[in-house]
Amino acid sequence: MLVYNSKLIGTPILSVQASGPIGSVSEPIIDPNSLKILAFRIAGPLVSGPENLLDINSIREYSNLGMVIDSIDELISADDVVKISKVLELNFSLIDLKVETKKGSKLGKVIDFTLSSEDFVVKQLIVKRPLMKSFTDSELVIPRSEIVEITDYKIIVKDEEKVIKARATKEDFIPNFVNPFREPGFVSADTDKIESKD
């Protein structure tokens, strides 16, 4: 299932041991090399200190009720896991990064992204268009397969925006109708003949 990052912020963290919520998601910790969420910062009255993190490996289940973990003891600090500690030092965030094509055409900046709830990997970028381009499209949806490079300041994608738009539209399109005029046994009003399906 794809989830918007903006919807994920504020998601309750439910402890089996406490039989209820112990806090909520305040921010994802994203590895810029793999675009995978390694952990979440957690905030709440039962959580003390700014560096309480929830490693995604400690999440037993994710549903519309929240993220289920065994107990509050699952929360870690920044120094507990070396990989998470190194990513935290980068202070990386996808939000507000500029997006450009390889040719230098400015597409806009990231305002949100979607991720898979199964593996917490970023799947799509939601990009707000520059003012002059926002009259035709206020947002672009860019699949992760289009990303070529990520720096501290911008994301570079493969194709020009027209190709990205066409591909996003094509991927989102699911036909949900049947043309009754092409069904066998349809009687044409003009010819009063039965048309066969060709």
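Working out 0.36 nm times the residue gap between residue 63 and residue 98, then minus their Cα-Cα distance, what length gain in nm do you get to one decimal?
Separation in residues times 0.36 nm, less the Cα-Cα distance, equals 9.4 nm.
Given a Förster radius of 41 Å and the C-beta distance between residue 153 and residue 18 as r, what FRET efficiency does 1/(1 + (r/R0)^6) yield to the nearest 0.05?
0.50
In terms of the Cα gyration tensor, with a ≥ b ≥ c the square roots of its eigenvalues, is region 2-90 rounded because a/c is under 1.5, prolate because a/b exceeds b/c, or oblate?
oblate
Using the beta-carbon distance between residue 70 and residue 26 and R0 = 22 Å, what value does 1/(1 + (r/R0)^6) give for FRET efficiency, to the nearest 0.05?
Calculated value: 0.60.
At 7 Å along the Cα-to-beta-carbon direction for both residue 2 and residue 89, put a label point, then send me their distance in nm to one decimal.
Those two pseudo-labels are separated by 3.5 nm.
Hey, fewest Cβ within 10 Å first, where do 1, 67 land in order?
1, 67
If you take every residue apart from residue 88 with its C-beta less than 12 Å away from the C-beta of residue 88, what net charge results, scoring Lys and Arg +1 and Asp and Glu -1?
Local charge sum for residue 88: -3.
Coordinate-derived values only; no laboratory data. Please read all numbers here as calculations on a predicted model, not as lab measurements. In this analysis, Cβ positions are derived from the backbone assuming ideal geometry, glycine residues included, and neighbour counts consider all displayed protein chains.
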